[in-house]
Amino acid sequence: QDRYYNLSFLISNVNYDPQYRRQTTDEFRNLSERIETMMSKVFKESFLSKRYIKSHVVSLSPDPGGVLASVVLVFKFASADSEATTWGHINRVLRRRLKAISTNLDVDQSTIRLTGKCLGRAVFSLTGCGLRREAFSFTGVERIIGGQRARDGEWPWQASIQLDGTHRCGASIISNTWLVTAAHCFRGGTDPRRWTASFGILLRPPKQKKLVRRIIVHERYGEVILDHEHDVAVVELASPIEFTSDVHSVCLPEASHVFPDNISCFVTGWGALENDGECYSVNQLRQAEVKIISTQICNSRQVYGGAITPGMLCAGYLEGQVDACQGDSGGPLVHANSRGIWYLVGIVSWGDECGKRNKPGVYTRVTYYRNWIHSKTGI
């Protein structure tokens with residue numbers, strides 16, 4: 001069974017940087033990566049190497065002596081192994097190996113605290129956004145057209161928003177009370193009493209269901225009919241979602257973050273499986289891997305001829321086949337950073353038909369609207 005341990009220690013040769021307050025900054029990511037690499041070194045070259053699964057930095061706090069790191073360690077032990085024995089092994093290896101290995105981080109040994117609270121899986125959902133159960137192997141990807149079915153807990157931030165009980169759009173959980181989605185989802189009306197949100201990979205039965213308190217559509221959306229500019233909206237729920245390993249938030253990138261062209265992303269939804277699909281939405285969430293296409297290529301004459309503005313981004317394949325489709329409007333386009341933490345890159349917005357050659361999917365660019373999202377939600 002998986003066992004989770006909480007570890008904290010002081011790093012004495014690093015000065016605290018205010019950027020460490022937020023998990024989404026490059027500074028937090030860089031130091032966390034160094035700490036996680038050090039932890040791998042500690043356990044991978046010890047007799048616990050087969051038991052060690054991963055480490056994850058939860059927080060970096062200021063301390064007069066440097067930076068206080070709080071880390072969750074995940075191990076796999078036979079259920080017969082007693083808590084006390086396994087804790088003893090980990091504690092011993094940790095202290096001995098930290099002395100032995102050469103690392104550019106100085107850990108003050110007297111500050112090491114290891115607690116083996118039976119934290120269980122929920123620890124991940126509580127420690128931050130963008131985490132999901134152990135990375136699943138994407139084997140046999142059918143290249144939402146050309147996607148494959150998602151598994152429980154794989155995309156825990158995916159939500160369905162429903163008008164009068166019928167699935168209308170996807171959305172992404174950004175906190176326990178806020179979702180982000182596309183503005184065009186609310187052409188049918190913005191009366192919160194008619195809308196509900198549900199969570200989990202099945203539309204029926206959902207893992208959780210919530211009523212909606214209010215819907216805020218971007219003020220400039222719809223200034224021009226049939227214009228796709230400013231296609232973003234946030235939804236406040238009437239009561240907080242209970243975060244679990246299967247239902248919790250995705251990370252929002254900093255406004256200054258740049259996702260490079262050609263990186264691999266995933267789009268998820270319950271959308272139509274064919275263009276004008278008979279079956280408008282499927283009950284089980286689907287996923288497809290797509291690549292970010294440069295705006296320059298996407299604006300070329302044979303693709304979208306200049307229709308892509310700075311608030312949009314293209315993803316998919318120019319040869320067609322893989323794409324998000326109708327029922328996936330408002331849903332997430334996500335990318336995992338080098339620490340395996342998932343960020344919201346785009347919101348499914350528009351595209352000419354489905355999976356057509358030279359017509360990739362067009363998404364609302366989240367970094368462009370990051371400050372708008374913050375101004376409405378405080379997130």
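The set of residues from segment 72-106 being assigned to a helix (DSSP H, G or I) and either within 25 Å of G128 (Cα to Cα) or in contact with a strand residue (DSSP E or B) (Cβ under 6 Å, 6 or more places away or on another chain) (or both) comprises W87, I90, N91, L94, L98. Of all the residues in segment 51-71, those that are in a loop (DSSP other than H, G, I, E, B) and in contact with a strand residue (DSSP E or B) (Cβ under 8 Å, 6 or more places away or on another chain) number 2. For segment 226-259, filtered to residues that are under 26 Å from F28 (Cα atoms) and surrounded by fewer than 14 Cβ atoms within 10 Å (Cβ to Cβ), the residue that is nearest to the chain's Cα centre (by Cα) is V258. For segment 153-174, taking the residues that are assigned to a loop (DSSP other than H, G, I, E, B) and over 15 Å from the mean Cα position of the chain (by Cα), the one that is farthest from W342 (Cα to Cα) is identified as D164.
If you go through segment 284-301 and keep only what is outside any helix (DSSP H, G or I) and at pLDDT 95 or above, you end up with I292, I293, S294, N299, S300, R301. Among the residues making up segment 340-370, those that are in a loop (DSSP other than H, G, I, E, B), out of contact with any Phe, Trp or Tyr (no Cβ under 9 Å at 6 or more places or on another chain) and modelled with pLDDT of 90 or more are I341, Y368, Y369. Scoring E223 on the criteria (1) within 16 Å of Q158 (Cβ to Cβ); (2) surrounded by fewer than 19 Cβ atoms within 10 Å (Cβ to Cβ) leaves a single failure, condition (1). Among the residues of segment 164-189, write down those that are farther than 22 Å from V267 by Cβ, at pLDDT below 95 and either of a type in the set (A, V, I, L, M, F, W, C) or touching a strand residue (DSSP E or B) at 6+ places or on another chain (Cβ under 6 Å) (or both). Passing the criteria: only G188.
Looking only at segment 3-18, decide whether some residue is modelled with pLDDT under 95, within 24 Å of the chain's Cα centre (by Cα) and within 25 Å of Y343 (Cα to Cα). Checked against the condition, which is being modelled with pLDDT under 95, within 24 Å of the chain's Cα centre (by Cα) and within 25 Å of Y343 (Cα to Cα), segment 3-18 yields at least one hit. As a summary of the residue check, N262 satisfies the conditions (1) surrounded by 14 or more Cβ atoms within 10 Å (Cβ to Cβ); (2) within 25 Å of K356 (Cβ to Cβ) except for the one numbered (1). A single member of I201, I216 is among the aliphatic types (A, V, I, L, M), more than 20 Å from D328 (Cβ to Cβ) and either surrounded by 17 or more Cβ atoms within 10 Å (Cβ to Cβ) or not assigned by TED's automatic domain parsing to the domain that holds V282 (or both), and it is I216.
Any residue that is at pLDDT 90 or above, touching a strand residue (DSSP E or B) at 6+ places or on another chain (Cβ under 6 Å) and in the same structural domain as D227 (by TED's automatic domain parsing) - is there at least one of those in segment 317-330?
Among the residues of segment 317-330, at least one is at pLDDT 90 or above, touching a strand residue (DSSP E or B) at 6+ places or on another chain (Cβ under 6 Å) and in the same structural domain as D227 (by TED's automatic domain parsing), which makes the answer yes.
The values are calculated or read from the model by the stated rules, or taken from the named source; none is laboratory data. Here the structure is a predicted model, which means the values were calculated and not measured. FYI the Cβ positions are ideal-geometry reconstructions off the backbone, even for glycines, and counts take in every protein chain you see.
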